[in-house]
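These notes are about the structure you will find just below.
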Amino acid sequence: MVFSAKELSTWKEKHPLLKQIINVEPVTWLNSNLKESKHIPKLPFTKADIYEAEKLWTRFTPFLKKAFSELEDTDGFIESPLKEIDELKIALENTYDSKIDGKLYLKMDNELPIAGSIKARGGFYEVLHYAETLAIENGLINYNENYEAFLTAEFKSFFQQYAIGVGSTGNLGLSIGIMSAKLGFNVSVYMSVDAKQWKKDLLREKGATVYEFSGDFSEAIYAGRQETIADPKGYFVDDESSKHLFLGYSVAALRLEKQLEEKSIKVDADHPLFLYLPCGVGGSPGGIAFGMKMIFGDHVHCFFVEPTHSPSVLIGLLTGEKEKVSVQDFGIDNRTEADGLAVGRPSSFATSISDHLISGIYTVEDDELYKLLTMLADYENIYVEPSATAGLIGPQQVLSSDYINKYGLDKDNATHIAWATGGDLVPESDMKQFYQKGKSVLNRA
C-alpha cells in the first residue's frame, strides 16, 4: 500500500517531521513517549529474565570453547571490547565543527567472535536455546551436565532431524546459519536483495542453504516463515517477533556493566550514559536498550540510528502505527548500502517495548556512513562495515538537540558509546572498496 497525496498531506499535517523524513533528509526525533523507569508500563520481560538468559550462555561455554577455536582464550564466552576513541573524537569535532562534551567510546561488536557482528548475541542465543530445549525434552541432557556433549555424533544425528529457517538482510542469517550448522541442524537462510554476496557465499561454505530474493527484508522473511513452518520439524527464527532473539541481545547490558566498572566509568544522575544503536527491524537495539534500562534506569539514554532511506522504526514510533505502516507506504524506497538496516517495516514485538524506553532516533545518509567508516579506519585503525558507523555522529546529533536541556543533564560528565554492529568478517577486497568510497566522500566535502 502507498498512501495517496491527500493521505500523505494529512500525515504531514499531523506529524510535521514526516515531510523531511519522506524527502529522505537526515532528522533527529526525540521520543515524547519516553517514560521514567518508575512509570514504564508492564513489559513482557523483567531484569530476572536477563540473568536467566545469561545462565544459558554460561551453560554452553564448554561447548562453545570446544566447537570454536576463537573462543579458547575466552573460556567459551562471546564478548567484544569497549574502546575509547579519542583520536576520532577530535577528528569528528573538527570535521563537523561541533564539540563532543564528555568521552566517546566504541562498543566493538564488529569483533564479536565467530559471526563478526551484534547478531551473534541474539542469533546464537536463539539457536542454542532451541537446541537445549530439544535436548532436554528428549532426555539427551540435563542442566547440570557438561554441554560439550552437544558436539557428539549422537547430538548431531538427533538435530539433523530438525530444520531451522530465518529471513535476513545479512548478519542475522550468518549467525543463525553458522551456529545451526555447527550443531547439525538443516538450516535455510532466506536473504533479501540487500544481502551482500560474500555473506551468501560464507553461509553456503558453512553448510547452510541460501535462498535469494529480489525483494526486500519483508519478502524474504515472509517466504522463509511460510516454508519453515510447513515442515512439522521446522523452527523459524522470526526477527519480527522473537522473544529469544530479544533476550539474547539484552545480555549485552550485563557484559557492558562489567566493562564500565572495570574502566571506572560512573553511570548515575551526575554521569549520564548515552548509547547510539544502529537499527534495522528493531530487535537488537531494542534488546540492548531494554537490558540497559533494567540495569541503569533513567541514567542511560538510548538512541536508535536508521538510514534516511529505511527509517522504519522511526516512522512506526512517530506515527504510533508501529508495524502497521512501512516506509514504502510513505513513498520511501528502502534502498541503502547499510544492508543490515535495510528494513521497511519494524518489529511489532520489539518496537512496542522500545516505545517507552528509547530517547529518540536520528537518521543518516549512506555517504555519511562511508565517510565515518574511513575516518574510523584513519584515526583508530578500526575497520567496520558501513551500517556499523551509524552511531558515531550520535553525540553531536543529541548534544545539538533540545534533549540535554529538557532533562537537565550534565553533558560535561557524559559517556557516549557508539555501538559498532559488524564488520570483522568482511572480505578485504570489499573493505577496501568501502574505504575508498569514504575517501571519495571526504574529498568532496
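Rg/Rh, computed from the Cα trace of segment 380-424 with Rh as the Kirkwood radius, has the value 1.09.
As a length-normalised measure over Cα pairs under 8 Å and 6 or more apart, the relative contact order of segment 210-339 settles at 20 percent.
A cut-off of 5 Å between modelled amide H atoms, ignoring neighbours fewer than 5 places along the same chain, links Phe274 with His301, Thr415, His416, Ile417. The packing ranking, built from the mean of other Cβ atoms within 10 Å per residue, places the peptides 376-389, 70-83 in the order 376-389, 70-83, highest first.
Each residue of segment 412-423 was assigned a 3J(HN,Hα) from its phi angle through the Karplus expression (A = 6.51, B = -1.76, C = 1.60, θ = phi - 60°), giving 5, 9, 7, 10, 10, 10, 8, 8, 7, 8, x, x Hz with x at Gly and Pro. Once backbone amide H atoms are built at 1.01 Å from N, Gly234 has Ala163 as its partners under 5 Å, excluding neighbours fewer than 5 places away on the same chain.
For segment 70-215, the alpha carbon positions stretch 61, 43, 21 Å along the principal axes, listed from largest to smallest. Using a simple spin-label model with pseudo-atoms 7 Å out from Cα toward Cβ, Lys432 and Ile90 lie 3.0 nm apart.
Ligands, DNA and RNA are left out, and with a 1.4 angstrom probe the accessible area of the chain is 39 Å² per residue. Against the chain, whose longest principal axis is taken from its Cα atoms, helix 5-14 shows a tilt of about 80°.
Between segment 370-444 and segment 157-225, the alpha-carbon centres lie 28 Å apart.
Computing Rg and the Kirkwood Rh from the Cα coordinates of segment 352-437 gives a ratio, Rg/Rh, of 1.04. On the principal axes of its alpha-carbon atoms, segment 292-445 has extents of 41, 41, 29 Å, going from largest to smallest. Of the peptides 341-351, 260-270, 421-431, the ranking by mean beta-carbon count within 10 Å, highest at the top, reads 341-351, 421-431, 260-270.
The equivalent ellipsoid that matches the C-alpha gyration tensor of segment 197-260 spans semi-axes of 28, 17, 13 angstrom, in descending order. Stretching Glu212 away from Gln161 to a fully extended chain increases their span by 15.9 nm, per 0.36 nm per residue minus the current alpha-carbon distance. When the pairs Lys19/Lys406; Lys89/Lys371; Lys12/Lys119; Lys65/Lys103 are compared against a 26 Å limit on Cα-Cα distance, Lys12/Lys119; Lys65/Lys103 fall above it. Its Cα gyration tensor gives the chain an equivalent ellipsoid, and the semi-axes of that ellipsoid, as √(5λ) in whole Å with the largest first, are 33, 25, 22. For the set Lys89, Lys258, the ranking by accessible area, highest first and with no ligand, DNA or RNA atoms included, is Lys258, Lys89 under a 1.4 Å probe. Candidate cross-link partners of Lys99 among the aspartates and glutamates, defined by an alpha-carbon separation under 16 Å and a same-chain spacing of 8 or more, comprise Asp86, Glu87, Asp402, Asp410, Asp412. For segment 37-78, the relative contact order comes to 28 percent (Cα pairs under 8 Å, sequence separation of at least 6).
Report note on the peptides 395-403, 144-152, 274-282, 119-127: ranked by the mean count of other C-beta atoms within 10 Å, highest first, their order is 274-282, 119-127, 395-403, 144-152. Each label was represented as a point 7 Å from its Cα along the Cα-to-Cβ direction; for Asn405 and Glu154 these points are 6.8 nm apart.
Quick one: with all protein chains in place, what share of the accessible area of the chain is carbon or sulfur, to the nearest percent (1.4 Å probe)? Write down the numbers at each step before the final one.
Details: 7870 of 17500 Å².
Roughly 45 percent, rounded to a whole number.
Between Glu137 and Tyr222, the FRET efficiency estimated from the beta carbon spacing at R0 = 30 angstrom works out to 0.55. In this label model, Asp75 and Lys47 are separated by 2.4 nm, measuring between points 7 Å along each Cα→Cβ vector.
Its relative contact order, with pairs defined as Cα atoms under 8 Å and 6+ residues apart, puts segment 288-341 at 30 percent.
Note on Ile229: accessible area approximately 110 square angstrom, rounded to 10, probe 1.4 Å, nucleic acids and ligands left out. In degrees between 0 and 90, to the nearest 10, how far off the longest principal axis of the chain does helix 283-296 point, with axes built from Cα atoms? Around 80 degrees separate the two axes. Computed over the chain, the per-residue total of -39500 (n - 2.57) for DSSP H runs of n ≥ 4 gives a 222 nm mean residue ellipticity of -13500 deg cm²/dmol, rounded to 500. Against the longest principal axis of the chain, how steep is helix 47-59, in degrees 0 to 90 to the nearest 10, with axes from Cα atoms? Orientation of helix 47-59: about 50 degrees from the principal axis. One Cα centroid belongs to segment 129-149, the other to segment 21-92; the line between them spans 26 Å.
The values are calculated or read from the model by the stated rules, or taken from the named source; none is laboratory data. Predicted, not measured: the structure shown is a model, and the values here were computed from it. Positions of Cβ are generated from backbone atoms using ideal geometry, with glycine treated the same way; all protein chains shown enter the neighbour counts. These area figures cover heavy atoms from the full protein model, side chains too; ligands, DNA and RNA do not enter into them. Shrake-Rupley method; radii C 1.70, N 1.55, O 1.52, S 1.80 Å.
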